[in-house]
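Working notes, structure below.
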Amino acid sequence: MTKEKKELQPGKAGLKTPILSFNASYIAYAHTIFAYSAFFAALIVGCYLHYEKIVENASWGYPDEWFPSVSATIGDRYPERSVFQILIALTAGPRFLLLAFNFIKLYKSNSSLPYIGIFSGFIRTITCGGWVYITSTDDHDWHDIFMISYIVLTIPWTIIISKLSPPGSLVRRGRYLTASTFFLTLIPLIYWFIQHKVHDRAGAYSVYAYFEWSLIILDVAFDTWSIVDFKDLEIQIFGDGFTLANKAKPPTEKTNDLDEYSTFEFIVNTINSFFLWTVITSLLLCVWYFPLWHMGLSGYEATILIFVIAPFILIIPFIRNFFSRFQFLARSLTILLGLGSYKVEDPESRLLIITAGTGFGIIALITEIWTLSNQPKKLNAFAVSFLLGLLASSIIKYSSYSNNPFWPVMHKENGGLNEIGIFLGLFAAFFTPSLNSTTFKLSTERSGGSIFLSALGFGAYLFSIQFLISDSSTLIFWAWDGYPVTGPTPITGALINFFAIGLGITLSVKVHSNAFLGPTYNLLAGAASAYILYSYKGWLGYAGSTVYSFYLSTLAPLIWQSTVGYNPSLLFTLAFFYSIVFSLASVWIVAYAFVPGGPLLRERTDLVLGSSFVGILAGILNYNLRNRSSHITRINTIGKKLFKQTFAILTVFLAFSIAVFFKRYPTKPYQPYNSSSQSFTAGIWCVHFGLDNDMWSSEHRMKDLIKEAEVDIIGLLESDTQRLIGGNRDFTQTIAEELGMYADYGPGPNQHTWGAALLSKFPIVSSSHHLLPSPVGELAPAIHATLDIYGELVDVVVFHSGQEEDEEDRRLQSLELQRIMGESERPLVLLSYLVTNPYEGNYNTYVSDKSRMRDIDSNDWDRWCEYILFRDLKKVAYARISRSTITDTELQIAKFKLLEEYQIEEGNDFIYGNHYIDEDEVDESLRMPQLFRGDGVRGHRYHVFDEPRYFAERPSQVRNDD
């Protein structure tokens, strides 16, 4: 030891003694005491001297307002203003020392975070002085500028200080919890401010003040954690300087294999995964909007290439290293662009912004997988949180009638919760855990396995879980076969689906990985269940679906571990390419009439399901091959902590799902609109897959129009959205449950149609689904249902004919539908899309002696697609209501009465013919809604005739049964 070094060591003979020695935690104590004293002393003095004045605001005073805001307390009155400013000035010294020692304590070499942290903390302190010494009374604008700047700078300050805190320590958990509570408190703060400022609500500002003071308490509390953090720092001041002594024992080295997430980090990753799934699924849904309106490929489909472009650009080391070190940045951009795009009205621009957000989401996913590649336990946890995020997405959709309220096709008017989603997403993004990868170098160990097998396995797995289990009702409709119900419904079956997925996730954590590697498990749980869900309906088919959901959920850690050791950019470029191929194949099976090479995959769900399963087996094979090499860390240790974390989250998920179940389960019988008149209104509407002309989810607008038109029975066409391009959603749930209607979804998504659904306020006694002959073009779905209408059985058929170009298809379909209608012996209503002109071609097959069907208004020449036909019912009225911007097709409705009170003479045509009468001649209980007369409401009005048409029978030819 040199002489110069010895002179700096106190306590030995001849060496210097410190003038002052104290623990650094006293700096944090001083900061806390002075800061809290400043605010609460001002509050006490202000309430004592000027209570009624400081609780008063521009709109209300005492007793309507009873608690003062922070600004009114510290800035409006003397002497409380001076008391506050003196004490807050005393806080400045400890504050700057706090910044300095946080930098010293949390410094990490080769990291820019400490520098960013102290810089943001320094500027934040300056802005604090700005809003403290320039009150809103002095200069309202500058006061607000400094205050907003202070809150914005709080984000990097709290995030960086928390991330730099020792992993797993009390200080880190405490800082995360305090900061999280701070930002969550902003939600009610903003809500109550709006209640005060916009709605002028009495007492709102006092409630707002509670949350404002809570922010002050939490803000100071965050820095109070430095009391604990600084306890191992001893400050010694000499006459010519000072030294720091670290009293803490050096941490015990842990291998990467033993690193585990804290519970908070695990929750944050689950939230991140939820929002990544939200963005990914929204992109495909929004892409679908463009070929819909172009009636073919539009060019915008190319945006899905972002799935391969994003991982490919990570081949550049600088980009890969940058996003690996600043993972919260990619996550934040995912939220701001992916979710925040809902603010953009123009569909094209919104799609491009969503695409960019998706790209950053993929980058975040890949860089996080990569940085965990040499930490198997954390990689397992990350894989589990990724699947939990998907399960959370499915549960949130279950609570919102299968819509994700955070999608950019949602907004406030149609049930969107976009602002809440952005806030929660940014919260999780900013608190994305530091993954502490030991190296940012690519592994060169390639022994065993193949990058192609690994990529195929990951791509097929990613496709499968999105294709089949991203919504709880998707596989329910695979097994759906109409009425009477022989399987689960979207309400009752969801809990089974969630339980199966949750059980699979739990076992993937609890059970040794070898249990899922063998051929017996993969053949029975995988291949056999996939065959059953594909081949059978009802409870048996759904049993296969449940087992397959369980099977997929058990494989996440294996599939993810099989990606270890490869170039991440090349691996995931291939993986997402495979996933896109599978996704396009799942579209081609139904869209074969509109896409190149479509007939090759026409109606081949078996190929899509089978090949994706084989792809998953490739991933399992690759894990086996890698597991046998000496260059892969095996998953031999069960993570007890991960199991507890997973089980706790799943418990919360299940409890929430049960609560939703009780909320959604119907408890009252459904009632028709016009039961007093013993009439019913039936309608037909082609709803264009639930996306309106401006790319917003349209089911709420559809529901409002159906309700206002008092439609008791409605056929909805182009209604199958239970596929990737439809968002795996079912908008009929919103309409049926909120209007109190029974629902028959019609042929399911595995039947390769564009969908036909039936909603009815009358009980559906029975129903059957039909795929009418379509040798060339798109499949034509039909539902043949029997309803109990006021005690009489009436048949209703909902039908969508093939497209215009395929004349032979449409001819064969008309003959088959003629047969179905002709064989029914009950009164019947056809709600249809026929693609024909009145009196021409196939029209004369639908309206014929064999079908015994009549046109609701054969004088209505202005029709091509939608038709309402009927028989053995008394037609009362007919109307056409304009669509506004909901879709590209109007709503047609007709009102009927049963014939039980009429006796028709043979050959009488008056009861069926076009004998119009004025509305004044019709009983008020039988009139069409007045709401749509003239200009109507929200763009909906009677058009073509400008008013409903009413029909009459000739009294001399119709007599009462009595």
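Each reported figure results from applying straightforward, stated rules to the coordinates on display, with no laboratory input. It should be emphasised that the depicted structure is a prediction, and the values quoted were computed from it without experimental measurement. FYI the Cβ positions are ideal-geometry reconstructions off the backbone, even for glycines, and counts take in every protein chain you see.
Kindly identify segment 274-403 as rounded, prolate or oblate by the Cα gyration tensor criterion: order the square roots of the eigenvalues as a ≥ b ≥ c, call it rounded if a/c is under 1.5, otherwise compare a/b with b/c, prolate if a/b is larger, else oblate. Display every interim value, and only then the final one.
Details: a/c = 2.17, a/b = 1.40, b/c = 1.55.
Because a/c hits 1.5 or more and a/b fails to exceed b/c, segment 274-403 counts as oblate.
At 222 nm, what value in deg cm²/dmol follows for the chain if DSSP H runs of at least 4 each add -39500 (n - 2.57) and the sum is divided by all its residues, to the nearest 500?
Calculated from helices alone, the mean residue ellipticity at 222 nm is -16000 deg cm²/dmol.
For segment 20-246, calculate the relative contact order in percent as a whole number, restricting contacts to Cα pairs under 8 Å that are 6 or more residues apart.
Dividing the mean separation by the residue count of segment 20-246 yields 30 percent.
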Two pseudo-spin positions, 7 Å from Cα along C-beta at LYS231 and at SER349, lie apart in nanometres by 5.5
So for each of 32-44, 314-326, 770-782 I average, over its residues, the number of other beta carbons within 10 Å; can you give me the resulting order with the highest mean first? 770-782, 32-44, 314-326
Any chance you could give the angle, 0 to 90 degrees and rounded to 10, that helix 263-294 forms with the longest Cα principal axis of the chain? 40
From zero outward in steps of 10 Å, how is the percent of C-alpha pairs of segment 699-754 spread across the bins? 22, 54, 22, 2
Of THR836, GLN466, THR732, which is farthest on the positive side of the dipole of the chain, counting Cα position, with +1 on Lys and Arg Cβ, -1 on Asp and Glu Cβ, and the Cα centre as origin? GLN466
Helix 113-133 versus the longest principal axis of the chain: what is the Cα-based angle in degrees, 0 to 90, to the nearest 10? 90
Kirkwood Rh and Cα Rg combined as Rg over Rh, evaluated for segment 677-959: 0.94
How would segment 256-663 be classified by its alpha-carbon gyration tensor: rounded, prolate or oblate, with rounded meaning a/c under 1.5 and the a/b versus b/c comparison settling the rest? rounded
Mind putting together the pair-distance distribution for segment 444-559? All Cα pairs, 5 Å bins, whole percent per bin, short to long. 2, 12, 19, 22, 18, 12, 7, 4, 2, 1, 0, 0, 0
For the chain, what is the relative contact order in percent, using Cα pairs closer than 8 Å and at least 6 residues apart in sequence? 9
With a Förster radius of 51 Å, plug the Cβ-Cβ distance of LYS850 and ILE313 into 1/(1 + (r/R0)^6) and report the FRET value to the nearest 0.05. 0.20
Segment 155-216 and segment 536-550 have their Cα centres apart by a whole-number Å value of 45
Report, to the nearest 10°, how far helix 80-90 tilts away from the longest principal axis of the Cα atoms in the chain, using its own Cα long axis and a range of 0 to 90°. 60
Out of SER262, ILE353, TRP696 - ranked by how far each Cα lies towards the positive end of the dipole of the chain, with unit charges on the beta-carbon of charged residues - the top one is SER262
Segment 30-125, Rg to Rh (Cα coordinates; Rh as Kirkwood inverse mean 1/r): 1.18
Using 20 Å as the Cα-Cα cut-off, could you pick out the over-long pairs in LYS537/LYS663; LYS707/LYS874; LYS377/LYS641; LYS343/LYS412; LYS874/LYS895? LYS537/LYS663; LYS707/LYS874
Peptides ranked, highest mean first, by Cβ atoms within 10 Å: ranges 562-570, 177-185: 562-570, 177-185
When the scattering of segment 261-326 is computed by the Debye formula from its Cα atoms alone, each counted once and equally, what is log10 I(q)/I(0) at q = 0.18, 0.27 Å⁻¹? -0.87, -1.08
So how long is each side of segment 70-121 along the principal axes, counting just the alpha-carbon atoms, biggest first, in Å? 50, 18, 11
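Can you give the Kirkwood hydrodynamic radius of segment 20-246 from its Cα pairs, in Å with one decimal?
18.8
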Mind putting a number on the dipole of the chain about its Cα centre? Charges go on the C-beta only, +1 for Lys and Arg and -1 for Asp and Glu, and I need it in Debye to the nearest 20. 6360
Whole-Hz ³J(HN,Hα) from phi, Karplus 6.51 cos²θ - 1.76 cosθ + 1.60, for segment 362-373, glycine and proline x: 5, 4, 4, 4, 5, 5, 6, 4, 5, 5, 9, 5
How much length would be gained if the chain were fully extended between ILE658 and PHE643, taking 0.36 nm per residue of separation minus their Cα-Cα distance, in nm to one decimal? 3.2 nm
Between segment 754-800 and segment 453-485, how many Å separate their Cα centres? 25
Have a look at the DSSP beta bridges in the chain and tell me what percent are antiparallel, nearest 5. 85
